[in-house]
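Just so it is clear, none of the values below were taken in a lab; they were calculated from the coordinates. This is a predicted model, so every value here is computed, not measured. Virtual Cβ from ideal backbone geometry, glycine too; neighbours counted across all protein chains shown.
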Amino acid sequence: MLAFGLFIIFIPNQKRNNMSTNKYPHLFSELDLGFTKLKNRVLMGSMHTNLEEEINGFQKLATFYGERARGGAGLIVTGGFAPNWEGWLKPFAGRMTNQGHVKKHKIVTDTVHQEGGKIALQILHAGRYAYHPLSVAPSRIQAPINPFKPRALTTWGVRRTINDFASSAALAREAGYDGVEIMGSEGYLINQFIVKHTNKRTDAYGGSYENRIKFPIEIIQKAREKVGKDFIIIYRLSMLDLIEDGSNWEEVVHLAKEIEKAGATIINTGIGWHEARIPTIATSVPRAAFAWVTQKLKSEISIPLCTSNRINMPDVAEQVIADGCADMISMARPFLADENWVKKAMAEKADEINTCIACNQACLDHTFSNKLSSCLVNPRACHETTLNYHPSNQKKKIAVVGAGPAGLTFAHIAAERGHTITLFDAESEIGGQFNMAKRIPGKEEFFETLRYMKKQLELNKVDVQLNKKVNADDLKGFDEVVIATGITPRTIQIEGIEHPKVLSYIDVLKNNATVGKRVAVIGAGGIGFDVSEFLTQAGESTTLNKAEWLREWGIDPENKARGGVAGIQQHIETPARQVTMFQRTDGKVGAKLGKTTGWIHRTTLKMKKVKMVAGVEYTKIDEEGLHYIDKNKTPQVLPCDNVVICAGQISQRALEQPLTELGIPFHIIGGAYEAGELDAKRAIDQAARLAAEV
C-alpha cells in the first residue's frame, strides 16, 4: 500500500518572482520559507516507483528525478523510505538508516541540485500495511488489505521508533536532501496511532486523543532537534480518513496546530486510508475533489498548507490557490505523464502538456504488483535511462495506417526524431478506441490525451490524412509501413446472434444505437464494465460535478462526520437502465480489471443496481430475451430489449499479406499486433519503443 500524492503549491502574500506568468500568477509565485525559498508552488508528490529496489536503482532514480527538477518542479518528494526494518513496505524495501544508505542517496540529491531543483526524502513507516511477517502497529489488529497480522509495539518500541524517524531525518540531511516529509496519512503507522480504529493501547500513547497524537508530535519535535532550523520538514496530515472510526474535524485541526508548534515547515494533505472503500485518485474522481478540505484548515494554521488529489492541469491548480483553498499544490502522477509539466505551464503551453488521466494502469497497478512503475500515456516514465527519442541518423519516409493510440504515439515520436510521417485513418477523426473510452462516465480525461496527441502531430508536422482507407498499392513509395489498424469486435456463436435486438459495443459507444430499458451485456471484461457504466448513467457524469460525486459516495461535504463518512448516506440517482452483465467463467466478475481500480468499477455498478452473473452458457437470443444455462445447470431466460456483445476482439491486419507480397517492410503494433482486452498501455508502450528504434 503505497502513497501517491499530487503536486504542491503555496501562496501567502509573498511577492512573485520573475518567473511568474500572467496566466498562472499564483502557481508560479516564489514561496519564502524563511531559511530557503521555493521557486514556485508546485510540489512533485511522493511516489514509490520500485526503482528504489532495482539493481543500480539509485542511478535510475537520479535520472528520473533529475528530469523532473530540470522540468521546473519547485520541490520534489521521493517515494517512501522506512526509518527501520519493521517499517519496510516489503522485505528489503528502501530504508534510510545508515551511512551506506546516505552514500546511495547522494547520487539522487547531487543530480537534482545540479538541475536546479530541491528534493525531500519521504520517511514512511508502513505499520500494519507492511507486507511482511515482522510488521508492527499500535495494537495487534490486522489490516483488511494485508495477510500479515502485526505485533503491538511496546512503549519502549514506540520511543525507539520516534528516535528512528528523527535519525532518518538527520541522515537525509547528511545525504544532501533539502528536507523530509513525515508520512502521517493514508493509514500508515502514524495514522494508525492517531485513531481509535487501530489504537487500543492503554499506555501513554493510547486512550485519549491527546495521548494518541503524542506519537506524531514527538516525531516532529525530535526530527527538528536533529536537523536544526534550516531544513524543510513536511508533515503529511490525514485530513479526511474516509473510514468510520477516523478522526473528526476538530481533531484534525488540533493535530495540525500541534504539528505546527512542534516545528513542521509545511503541512501536506492526505486523503483516505488505503483500506477505505471510496476512490480518491482514480480517473472517476473529479478534479481537485478534495481542495475544499484544505480550504477549511487554511485559516487555522500559519505555515504553508498543501492540497492534493486529482489536480492535473495548470488552470485547475491556479484556481485552487486563487480561491484560497491552499498555499501549495501537490501532484505526483502528472509528473509521470509529463516531466516538463511546469516548464510548459510557465510558457503558457498547457495544450502541450501530456496530461495524467489517473488510469492507475502503469503506475499504481504496477507498484502494487511489484513491477516497475511507469505511465500509460508516457512509457518513458521510470525508463529514462533506456528509452529515449534521439534524432535519427537515417531519415525515412514512413506510412502509419491507423490513428488510434498506437498509431498516434508512433507517428509523433518518429516524426520528432526526424522521419517524414504520413498518418492514414479511415475515420473522420483521430483517436480510434479512445473516442469510445472518452464517452464513458468517469473517463472524460481521455479527451486530454487526444488533445495532446493532436497537438504533437501538429508540432512535429505529421501529414494526417483522415477519411482515407488505404490499400497496399497506396503505400508504394514509403520506406516502411506501420500497421496500427486496431481491432474489430469478436462475434460469438449463438443462435439468434443476428436478431435485431443484438448490438455490439461499437454500436452503443460509437454509433449511438438506440438501447432499450432492459439490457443484457455479454462479457465482463473492461469493455463490458464500460458499456454497463455508460448505459446506467442518468444525466451528467458525477465526475464533472463534485457536489454530486460526494453525495454519491457518501462523503460529508462539511467534514463534520467522523472520518468524513460516519452516518452519511449515499445518494445514488436511479439508473437509466436495468442492466445484467454476464460472464462465461465462474468466480468474481471483473477479476481481471485493474488491481487498484477494479473494486471501484464493481462498486459503481453495484450502486447502479447492475446484476452480475458468472459461470453461464449462452443458448440463444430471441424476442423473449437472452436464454442461458446458469452455473447450477438450470436453463434461464432474461427478458430484455437489447443484448450488447462485449466478448472480446480480433486483430485487424488485412494489410499484412499484400505488403509482404509487394516486399514493403512493415511493422505491426497495438491491437493489430495483439487484440486481447483493449490494452492502451501495451499499445502505447509498444509504439513508443518502435518509434525510438526505427
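Distance between the C-alpha centers of the stretch 641-694 and the stretch 537-614? Whole Å please.
Centre-to-centre distance over Cα atoms comes out at 33 Å.
Counting other beta carbons within 10 Å of each Cβ, put Glu352, Glu186 in order, fewest first. Before the final figure, lay out the partial values.
On the way: Glu352 18, Glu186 27.
Ascending Cβ contact count within 10 Å gives the list Glu352, Glu186.
Tell me the trypsin sites (Lys or Arg not before Pro) within the stretch 470-548 that lie in a loop according to DSSP and have at most 15 other beta-carbon atoms within 10 Å.
Details: sites: Lys476, Arg490, Lys501, Lys510, Lys517, Arg518, Lys546; in loops: Lys476, Arg490, Lys501, Lys510, Lys517.
Sparse-neighbourhood loop trypsin sites (Lys or Arg not before Pro): Lys476, Arg490, Lys510, Lys517.
If R0 is 22 Å, what FRET efficiency do you get for Thr619 and Ile650 from their C-beta distance, rounded to 0.05?
Working: r = 23 Å, r/R0 = 1.06.
Efficiency, from the Cβ-Cβ distance: 0.40.
So, with +1 on the Cβ of K and R and -1 on the Cβ of D and E, and no other charges, what is the size of the charge dipole of the stretch 31-367 about its Cα centre, to the nearest 20 debye? Write down the numbers at each step before the final one.
Numbers: 40 positive and 37 negative charges, 174 e Å.
In total the dipole reaches around 840 debye.
Given a Förster distance of 35 angstrom, what is the FRET efficiency for Ile492 paired with Lys595, based on the Cβ-Cβ distance and rounded to 0.05? Present the calculation step by step, with values, prior to reporting the outcome.
Numbers: r = 28 Å, r/R0 = 0.80.
E between Ile492 and Lys595, to the nearest 0.05, is 0.80.
Calculate the length of the line joining the C-alpha centroid of the stretch 242-267 to that of the stretch 123-192, in whole Å.
A separation of 18 Å, based on Cα centres.
Could you let me know the centre-to-centre spacing of the stretch 59-75 and the stretch 285-311, using Cα atoms, in angstrom?
That distance is 25 Å.
In debye, nearest 20: dipole of the chain around its Cα centre with unit charges on the Cβ of K, R (+) and D, E (-)?
Around 1480 debye, computed over the chain.
Write down the percent of antiparallel bridges among all DSSP beta bridges whose residues are both part of the chain, to the nearest 5. Walk me through the numbers on the way to the answer.
Details: 15 of 79 bridges.
Taking every DSSP beta bridge with both residues in the chain, the antiparallel ones total about 20 percent.
Under a straight-distance cross-link criterion of Cα-Cα below 19 Å, which lysines are reachable from Lys609, leaving out those fewer than 8 residues away in the same chain?
Once the sequence-local lysines are set aside, what remains near Lys609 is Lys517, Lys588.
Under the definition of Cα pairs under 8 Å and six or more residues apart, what whole-number percent is the relative contact order of the stretch 306-373?
For the stretch 306-373, the relative contact order is 28 percent.
Compute the long axis of helix 249-262 from its Cα atoms, compare it with the longest principal axis of the Cα atoms of the chain, and write down the angle in degrees, 0 to 90, nearest 10.
60
Can you tally the net charge around Glu53? Count Lys and Arg as +1, Asp and Glu as -1, for every other residue whose Cβ sits under 13 Å from the Cβ of Glu53. It would help to have the intermediate numbers written out before the result.
Working: positive: Lys60, Lys90, Arg95, Lys104, Lys371; negative: Glu52, Glu54.
Residues close to Glu53 contribute a combined charge of +3.
Given points 7 Å out from each Cα along the Cα-Cβ axis, report the Asp32 to Lys633 separation in nanometres with one decimal.
For the pair Asp32/Lys633, the computed spacing is 8.2 nm.
I want the local charge near Ala691. Using Cβ-Cβ distances under 12 Å, sum +1 for each Lys or Arg and -1 for each Asp or Glu among the other residues. Let's see the in-between values first.
Values: positive: Arg380, Lys396, Arg417, Arg689; negative: Glu416, Glu480, Asp685, Glu693.
So the surrounding residues net to 0.
Please find the FRET efficiency linking Leu459 to Glu210, where r is the Cβ-Cβ separation and R0 is fixed at 60 Å, and quote it to the nearest 0.05.
Details: r = 58 Å, r/R0 = 0.96.
Taking R0 as 60 Å, the efficiency between Leu459 and Glu210 is 0.55.
What aspartates and glutamates does Lys37 reach when the alpha-carbon gap must be under 19 Å and sequence neighbours fewer than 8 apart in one chain are set aside?
By straight Cα distance, Lys37 reaches Asp110, Glu115, Asp178, Glu181, Asp230, Glu260, Asp327.
If each DSSP helix of 4+ residues adds -39,500 (n - 2.57) and the sum is divided by the residues in the chain, what number results at 222 nm, nearest 500 deg cm²/dmol?
Values: 21 runs with 205 residues, N = 694.
Taken over the chain, the calculation gives -8500 deg cm²/dmol.
Between the helical axis of 526-536 and the dominant principal axis of the chain, each derived from Cα atoms, what acute angle in degrees is found, rounded to the nearest 10?
The answer is roughly 90 degrees.
Ordered by residue, what ³J(HN,Hα) values in Hz, to whole numbers, does the stretch 634-639 give under the Karplus form 6.51 cos²θ - 1.76 cosθ + 1.60, where θ = phi - 60° and Gly and Pro are x?
9, x, 9, 9, 9, x
Reachable aspartates and glutamates from Lys546, Cα under 20 Å, same-chain residues fewer than 8 places away excluded?
Cross-link targets: Asp241, Asp315, Glu318, Asp323, Glu444, Glu445, Glu448, Glu533, Asp556, Glu558, Glu573.
Kindly provide the GluC sites (Glu not before Pro) of the stretch 27-133 that DSSP labels as loop, not H, G, I, E or B, and whose Cβ sees at most 14 other Cβ atoms within 10 Å. Don't skip to the end; give the middle numbers.
Details: sites: Glu30, Glu52, Glu53, Glu54, Glu67, Glu86, Glu115; in loops: Glu30, Glu54, Glu115.
Here the GluC sites (Glu not before Pro) that fit, given the DSSP loop and packing criteria, are Glu54.
Of the trypsin sites (Lys or Arg not before Pro) in the stretch 206-302, which ones lie in a loop per DSSP and count no more than 10 other C-beta atoms within 10 Å? Could the numbers behind the result be given before it?
Details: sites: Arg212, Lys214, Lys222, Arg224, Lys226, Lys229, Arg236, Lys257, Lys261, Arg277, Arg287, Lys296, Lys298; in loops: Lys229, Arg277, Arg287.
Answer in residue order: Lys229.
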